[in-house]
Amino acid sequence: MPKMHTQGFKEQAVQKALTKDGKSVKTIAQELNIGYSTLQKWIQEYKSMKPQKDNQRPQDWTRKQQLQALMDTASMNAEQRSQYCRENGFFPHHLDEWHDSFIKADKKSVGSNKTEMTVLKKENASLQKELRRKDKALAETAALLVLQKKFQALLEGKE
């Protein structure tokens with residue numbers, strides 16, 4: 001019967017294997033009394049579940065990843081931020097750039113919303129004006145049609 005290891009044990013084993021400290025994965029597996037292939041499988045599972053930030057340049061991160069990094073580091077001091085940045089493969093100045101880009105995007109959206117709203121209001125007014133014009137034309141056409149039918153009815157009555 002295979003041994004059942006807790007999720008916490010698996011995570012600690014993977015972390016220990018990834019940091020290595022000069023030891024091979026085989027040595028770490030022997031120390032933990034688990035099979036080498038089992039530890040390799042756990043490492044593979046961990047890497048497949050981990051976000052793919054590691055192999056991306058910081059400039060290629062998605063807005064969602066950037067926002068997550070900003071939220072993670074919001075309450076950290078400078079030393080903790082630097083440590084976080086080293087662990088995640090980017091520099092502290094990237095955090096500042098991302099922060100500024102989020103603020104600029106927010107200001108742009110406010111400004112563009114006003115201009116967009118003005119354009120939409122003008123478009124709405126012109127569409128309403130055109131609709132009133134077409135309603136009048138339709139009413140006039142309907143009135144002419146009714147008059148034409150009445151006129152024909154009068155002509156038929158005289159004959």
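Structure summary
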| item | result |
| --- | --- |
| Sequence-distant aspartates and glutamates (8 or more away, or on other chains) whose Cα lies within less than 18 Å of LYS129 | GLU140 |
| Difference of contour (0.36 nm per residue) and Cα-Cα distance, PHE102 to GLN12 | 28.8 nm |
| Sequence ranges 134-144, 3-13, ranked by mean other-Cβ count within 10 angstrom, highest first | 3-13, 134-144 |
| Cross-link pairs LYS16/LYS64; LYS10/LYS64; LYS10/LYS41 - those with Cα-Cα distance over 21 Å | LYS16/LYS64; LYS10/LYS64 |
| Residues of type aspartates and glutamates that LYS26 reaches as a straight line, Cα spacing below 18 Å, ignoring anything fewer than 8 places off in the same chain | GLU11, GLU45 |
| Candidate aspartates and glutamates - alpha carbon under 14 Å from LYS104, same-chain residues fewer than 8 apart omitted | ASP96 |
| Residue of GLU31, GLU97, GLU79 that the Gaussian network model of the chain assigns the largest fluctuation, springs spanning Cα pairs under 10 Å | GLU31 |
| Approximate spin-label separation ALA137-LYS3, in nm, with each point projected 7 Å along Cα-to-Cβ | 8.5 |
| Evaluated at q = 0.20, 0.21 Å⁻¹: base-10 log I(q)/I(0), Debye formula over Cα of segment 1-50 | -0.62, -0.69 |
| Charge dipole (the chain, unit charges on Cβ, about Cα centre) - positive-most of ALA29, LEU39, GLN152 | GLN152 |
| The chain: proportion of alpha-carbon pairs further apart than 29 angstrom, % | 59 |
| Least to most buried among ILE34, ILE28 (fewest other Cβ within 10 Å first) | ILE34, ILE28 |
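Readers should treat all values here as calculations from the given coordinates under stated rules, not as data from a laboratory. All of these numbers come straight from a predicted model, not from anything done at the bench. When we count neighbours, we look across all protein chains shown, and the Cβ atoms used for this are built from the backbone with ideal geometry, even at glycine.
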